[in-house]
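Asks: This is the structure I want to talk about, given as structure tokens.
The values are calculated or read from the model by the stated rules, or taken from the named source; none is laboratory data. If you're wondering where the values come from, they're calculated on a predicted model, not measured in any experiment. Note: ideal-geometry Cβ built from the backbone for every residue, glycine included; neighbour counts use all protein chains shown. These accessible areas exclude ligands, DNA and RNA; they are computed on the full protein's heavy atoms, side chains included. Shrake-Rupley method; radii C 1.70, N 1.55, O 1.52, S 1.80 Å.
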Amino acid sequence: MPKNRNTFSFLARWPRRAASRAVHAGWAWAQRAGAVTAEHPGRLRFGAIGAGTRLAFPQGTVFGERWIELGAHCVIGEQVTLTAGMMPDLDLGPDPILTLGDGVVLGRGSHVIADTTVTIGSDTYCGPNVYITSTNHSYDDPHEPVGRQWPRMEPVAIGPGCWIGTGAVILPGARLGRNVVVAAGAVVRGEVPDHAVVAGAPARVVRRWDPEKGWQPPLRTPAPVPIPKGVTPEQLLALAELDEVPETP
């Protein structure tokens, strides 16, 4: 009797398992087919899109593509919003509005809103849900709803090699130097010097690199061991697999 019950239970679960596998396989196919690349741009016609750049599917809101230029080997996560101009179908002139350098990474759910110029330097990495905007609401008139008042716009420039943590907000007029670290949840405005770490809302500099003294205040963790020159990704992978092999007694 228990054997029969197990058989019936398996038969009852089989359609659900088959449906689950079909759904996952279909979604994996949609992700591959719906990704945007230079070779397969779909409906999106960017001003430029470099080799190796990929926008994961599903994409977020994207408009003003003609004024958006993406460098090579960028990684744009799922549900990332990229917009140029305040609304679709505007003529924004001859120059690009939103520019991403080579190797930029935008984490899942991030937003880059460029009503005026936004530039993100090469090899800048953004965690999930980062918000970068060149537009801010104004509230000068206390009698008019804030949403109906004309917004203020200021260009945003993010230097190369930056790391922007999860949930950070980069406000209009922000100018980040080279290799800046923005802590998760920070709200950044104004100018941030090269090789600085900022945190808080509003963000302030909490650590800087001094050519003579190094990081001030000093780092609390030991510096990582540099990868020797000439080591290939395949060799690193092989070393990692060796570390995972359990020792024999």
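Asks: Mind listing which chymotrypsin sites (Phe, Trp or Tyr not before Pro) in the stretch 136-220 are in a DSSP loop and have 12 or fewer other Cβ atoms within 10 Å? Spell out each step's value before the answer.
Replies: Numbers: sites: 139, 163, 209, 215; in loops: 139.
Those satisfying the criteria are 139.
Asks: In whole percent, what relative contact order does the stretch 162-236 give with Cα contacts below 8 Å and a gap of six or more residues? Can you show the working numbers first?
Replies: On the way: 133 pairs, mean separation 14.8, N = 75.
That works out to 20 percent.
Asks: Continuing with the same structure: How much length is gained on full extension from residue 238 to residue 184, taking 0.36 nm per residue of separation minus their Cα-Cα distance?
Replies: Values: separation 54, 0.36 × 54 = 19.44 nm, distance 3.27 nm.
Difference between extended and current length: 16.2 nm.
Asks: In nanometres, what is the gap between the two model label sites at residue 90 and residue 146, each 7 Å from Cα along Cα-to-Cβ?
Replies: Going by the 7 Å Cα→Cβ label model, 2.0 nm.
Asks: Just the number, please: percent antiparallel of the DSSP beta bridges in the chain, rounded to the nearest 5. If you can, show how the numbers build up before the last one.
Replies: Numbers: 10 of 50 bridges.
Counting only bridges with both partners in the chain, antiparallel ones make up about 20 percent.
Asks: For 143, 73, 195, write out the residues from largest to smallest accessible area, computed with a 1.4 angstrom probe and no ligands counted.
Replies: Details: 143 165, 73 125, 195 65 Å².
Largest to smallest exposure gives the sequence 143, 73, 195.
Asks: Using the beta-carbon distance between residue 19 and residue 166 and R0 = 45 Å, what value does 1/(1 + (r/R0)^6) give for FRET efficiency, to the nearest 0.05?
Replies: Numbers: r = 34 Å, r/R0 = 0.76.
About 0.85, to the nearest 0.05.
Asks: Also, quick follow-up: What is the antiparallel percent of DSSP beta bridges lying wholly in the stretch 119-190, to the nearest 5? Please list the in-between numbers first.
Replies: On the way: 2 of 14 bridges.
Beta bridges within the stretch 119-190, antiparallel portion: roughly 15 percent.
Asks: Could you work out [θ]222 nm for the chain from helices alone, using -39500 (n - 2.57) per DSSP H run of at least four and dividing by all its residues? Round to the nearest 500 deg cm²/dmol. Intermediate values should be presented prior to the final figure.
Replies: On the way: 2 runs with 45 residues, N = 249.
That calculation yields -6500 deg cm²/dmol at 222 nm.
Asks: With contacts defined as alpha carbon pairs under 8 Å and 6 or more residues apart, what's the relative contact order of the chain in percent? Write out the running numbers ahead of the final one.
Replies: On the way: 570 pairs, mean separation 22.3, N = 249.
Computed value for the chain: 9 percent relative contact order.
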